[in-house]
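Rule-based calculations on the coordinates, nothing more; no lab input. Treat the numbers as computed from the prediction; the structure is a model and nothing was measured. Using ideal geometry, Cβ is built from the backbone for each residue, glycine included, and neighbour counts are taken over all protein chains shown.
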Amino acid sequence: MAQKRFHIDRTETSPQIDLDLDQGVLEFIGRSLPHNSEHFYGRVYRWIDEYLEEPRDQTTVNMKLDYLDTSSSKHLYNIFNRLNTVNRRGQHVRINWHYESGDEEMAETGKDYQSLFQLDFNFVEVEELF
């Protein structure tokens with residue numbers, strides 16, 4: 001069984017990540033260009049894979065990222081792909097994709113993911129992400 005809560009502190013190069021098993025909430029805040037993205041996201045995959053064995057009826061993902069490097073984009077794809085399997089089983093997955101006003105690149109990145117998966121994307125334009 002996955003631990004109930006999983007937390008990684010935000011740094012200059014990696015996002016804060018909070019995963020809450022009881023609430024079915026995953027939150028990513030900051031910028032994602034970790035030095036070793038395989039190691040960084042590997043921990044997240046393990047938790048998500050365990051969570052997906054017994055997911056909540058409703059899973060909410062709050063994405064509040066202001067920058068993604070190429071390898072992080074690949075890892076987000078993998079995370080959304082895992083969540084997509086739950087969605088296909090009938091549990092609802094909502095992605096709240098926050099982006100700063102005027103940051104068309106991050107808005108477009110979210111729309112690119114939306115086009116790839118059958119997930120409920122909600123786009124939230126904010127003055128400041130964090």
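Among the criteria (1) more than 17 Å from R31 (Cβ to Cβ); (2) touching a His at 6+ places or on another chain (Cβ under 9 Å); (3) not in a strand (DSSP E or B), the one Q118 does not fulfil is (2).
Yes/no matrix, rows are residues, columns are (1) over 19 Å from K4 (Cβ atoms); (2) not aromatic (F, W, Y); (3) not in a strand (DSSP E or B):
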| position | (1), (2), (3) |
| --- | --- |
| Q23 | no, yes, yes |
| E27 | no, yes, no |
| P34 | yes, yes, yes |
| E53 | no, yes, yes |
| V61 | no, yes, no |
| N84 | yes, yes, yes |
| R94 | yes, yes, no |
| H98 | yes, yes, no |
| V124 | yes, yes, no |
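For the stretch 63-82, which positions are assigned to a helix (DSSP H, G or I) and either farther than 12 Å from I17 by Cβ or in contact with a Cys (Cβ under 7 Å, 6 or more places away or on another chain) (or both)?
Those that are assigned to a helix (DSSP H, G or I) and either farther than 12 Å from I17 by Cβ or in contact with a Cys (Cβ under 7 Å, 6 or more places away or on another chain) (or both): T70, S71, S73, K74, Y77, N78, F80, N81, R82.
If I ask for residues that are β-branched (V, I, T) and touching a Lys or Arg at 6+ places or on another chain (Cβ under 8 Å), which ones from the stretch 85-114 would you list?
Initial filter on the stretch 85-114 (β-branched (V, I, T)): 85-86, 93, 95, 109.
Once the filter is applied, which keeps residues that are β-branched (V, I, T) and touching a Lys or Arg at 6+ places or on another chain (Cβ under 8 Å), the stretch 85-114 yields nothing.
Residues in the stretch 7-21 that are part of a loop (DSSP other than H, G, I, E, B), among the polar types (S, T, N, Q) and closer than 16 Å to H75 by Cα: how many?
Kept after step one, since they are part of a loop (DSSP other than H, G, I, E, B), are these residues of the stretch 7-21: 9-15, 21.
If we keep only those that are among the polar types (S, T, N, Q) as well, we get 11, 13-14.
Next, only the ones that are closer than 16 Å to H75 by Cα stay: 13-14.
Selection size over the stretch 7-21: 2.
Summed over the stretch 73-118, the residues that are surrounded by 13 or more Cβ atoms within 10 Å (Cβ to Cβ), under 23 Å from S14 (Cα atoms) and either of a type in the set (V, I, T) or more than 15 Å from the chain's Cα centre (by Cα) (or both) give a count of 5.
Quick one: would you say V44 is under 15 Å from the mean Cα position of the chain (by Cα), in a helix (DSSP H, G or I), touching a residue at least 24 places away in the same chain (Cβ under 8 Å) and closer than 16 Å to D20 by Cβ? Full working, then the answer.
On the way: under 15 Å from the mean Cα position of the chain (by Cα): yes; in a helix (DSSP H, G or I): yes; touching a residue at least 24 places away in the same chain (Cβ under 8 Å): yes; closer than 16 Å to D20 by Cβ: yes.
Yes; evaluated as a whole, the condition is true for this residue.
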